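*Asks:* Take a look at this one; I'll ask things after.
The values are calculated or read from the model by the stated rules, or taken from the named source; none is laboratory data. Computed from a predicted structure; not experimentally measured. Note that each Cβ is placed from the backbone with ideal geometry, even for glycine, and that neighbours are counted across all protein chains shown.
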Amino acid sequence: MLIKECTNQDVPQLALMNKHLIEDEKSSNPMSVAELESRMSDFINDDYNAYFFIEDETILGYALIRHTSTPPYLRQFYIERDFRRKHHGKQAFYQLMEYIQADTIDIDVLPWNERGHSFWKSCGFDDTCIHRPKCGKLVHRILKREIFIFM
């Protein structure tokens, strides 16, 4: 699998995948693809980097990471629906961690997103808290202290 850092040219595809992520995790985010495009552009022109996961010239998914935090913060992680349940997600995650040279990362999972929660648990993450940010929605915060890559 190839990890490719995204540019502004990739924003339309990132926004569409972000819309699918919002639908899949049953988020209450009402943003349109056009609004998500604008937001994604702001993200990657500010504190975030986006990465595509590519196999056989096909984009399997993406990640959006804020590198200005310690540890880095994984804001979005998405694998296209047709490629799920085939170990592409775990492979992409572990390769991404190696690519960004991180052994610790923060992530959030919406509490009702059982599939997402199961996925991250299968990657070795543990729950650290459930909190209610100012926006009023509950968020599961899960954190991995150490990542061991077995090849």
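*Asks:* Scan His140, His131 and give me the residue that is within 14 Å of Arg75 (Cα to Cα) and either modelled with pLDDT under 80 or in contact with a Cys (Cβ under 7 Å, 6 or more places away or on another chain) (or both). Let's see the steps before the verdict.
*Replies:* Numbers: His131 fails: within 14 Å of Arg75 (Cα to Cα).
Exactly one of His140, His131 is within 14 Å of Arg75 (Cα to Cα) and either modelled with pLDDT under 80 or in contact with a Cys (Cβ under 7 Å, 6 or more places away or on another chain) (or both), namely His140.
*Asks:* Right, here's the next one. Among the residues of region 101-124, which ones are assigned to a helix (DSSP H, G or I), modelled with pLDDT of 85 or more and crowded, with 16+ Cβ neighbours inside 10 Å?
*Replies:* Phe119
*Asks:* Still on this structure, please answer the following. Taking region 1-40 only, how many residues are aliphatic (A, V, I, L, M), out of contact with any Lys or Arg (no Cβ under 7 Å at 6 or more places or on another chain) and part of a helix (DSSP H, G or I)?
*Replies:* 9
Table: residues versus (1) modelled with pLDDT under 85; (2) surrounded by fewer than 14 Cβ atoms within 10 Å (Cβ to Cβ); (3) part of a loop (DSSP other than H, G, I, E, B); (4) over 13 Å from the mean Cα position of the chain (by Cα).
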{"position": "Asp42", "(1), (2), (3), (4)": "no, yes, no, yes"}
{"position": "Ile65", "(1), (2), (3), (4)": "no, no, no, no"}
{"position": "Thr70", "(1), (2), (3), (4)": "no, yes, yes, yes"}
{"position": "Asp82", "(1), (2), (3), (4)": "no, yes, no, yes"}
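*Asks:* Pick from region 3-27 the residues that are within 18 Å of Leu96 (Cα to Cα) and exposed (fewer than 14 other Cβ atoms within 10 Å of the Cβ): which of them is farthest from the chain's Cα centre (by Cα)?
*Replies:* Out of the qualifying residues, it is Thr7.
*Asks:* Any residue that is over 20 Å from Asp24 (Cβ atoms) and aliphatic (A, V, I, L, M) - is there at least one of those in region 66-74?
*Replies:* No: zero hits.
*Asks:* For Gln76, which of the numbered conditions (1) touching a residue at least 60 places away in the same chain (Cβ under 8 Å); (2) touching a strand residue (DSSP E or B) at 6+ places or on another chain (Cβ under 8 Å) fails to hold?
*Replies:* Going through (1) touching a residue at least 60 places away in the same chain (Cβ under 8 Å); (2) touching a strand residue (DSSP E or B) at 6+ places or on another chain (Cβ under 8 Å) one by one, Gln76 breaks only (1).
*Asks:* Glu98 - would you say it is charged (D, E, K, R), assigned to a helix (DSSP H, G or I) and surrounded by 16 or more Cβ atoms within 10 Å (Cβ to Cβ)?
*Replies:* no
*Asks:* Report, by residue number, each residue of region 1-33 that is among the acidic types (Asp, Glu), without any contact (Cβ under 8 Å) to a residue 40 or more places away in the chain and within 20 Å of Asn49 (Cβ to Cβ).
*Replies:* Matches in region 1-33: none.
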